[in-house]
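Quick note: the coordinates plus some simple rules give every number you see, no bench work behind them. From a predicted model like this one, the values you see are computed outputs, not experimental measurements. In this analysis, Cβ positions are derived from the backbone assuming ideal geometry, glycine residues included, and neighbour counts consider all displayed protein chains.
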Amino acid sequence: MTSPVFTPAPRLCRFLQFVVEETLAGRSSSVKEYTIGAVVFGRGAEFSPRTDPIVRVQARNLRVRLERYYAGPGADDPLRIELPKGAYVPVFSLREVPRPRRKWLVSAAIALAALLALLSVAVFEVREIAARHQMGSSRLFLSP
């Protein structure tokens, strides 16, 4: 991760990468406190979650960093990754993207074009009426 929120925390990046990759690979059942401690934090086979709180502490730190990331530089990311409390399997959600304003602009352009067309027809009709009126008044002068 190249975000300034995660750059100074390479262990948290490894933690996040591990849980995301395992989950996406269909191995979410292996995303357990013991496995994370042994593999990600290098505690090895002798790692004991009961006596070493490293995974719980780092999971809390990761949750805080993820919140900071999505409140700042990641606010516009279409995909959000969350690590629910009490679990290590990440949850993915799509951010609702606001509708582009183009649809509104297209509707406004169509309405404007229709209005201009009606205005053109109205001007044409007024000219026709004026022309007929002038013809009628000139006939008055020409008639016997």
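One table, with the values for the structure above:
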{"read-out": "Residues Val39 and Ser3, FRET efficiency given R0 of 22 Å [Cβ-Cβ distance, rounded to 0.05]", "value": "0.40"}
{"read-out": "FRET efficiency, 1/(1 + (r/R0)^6) with R0 35 Å, evaluated for Glu21 and Ile110 via beta carbons", "value": "0.10"}
{"read-out": "Environment charge at Phe15 (Cβ cut-off 12 Å; Lys +1, Arg +1, Asp -1, Glu -1)", "value": "+3"}
{"read-out": "Length added when fully stretched, Val89-Asp52, from 0.36 nm per residue minus Cα-Cα", "value": "11.3 nm"}
{"read-out": "Loop sites in the stretch 1-85: trypsin sites (Lys or Arg not before Pro), DSSP, at most 12 other Cβ within 10 Å", "value": "Arg27, Arg50, Lys85"}
{"read-out": "Extension gain, Asp77 back to Arg14 (0.36 nm per residue minus Cα-Cα distance, nm)", "value": "20.7 nm"}
{"read-out": "Cα gyration tensor category, rounded, prolate or oblate, for the stretch 10-94 with a/c compared to 1.5", "value": "prolate"}
{"read-out": "Exposure proxy ranking, count of Cβ atoms within 10 Å, fewest first, for Phe92, Phe41", "value": "Phe92, Phe41"}
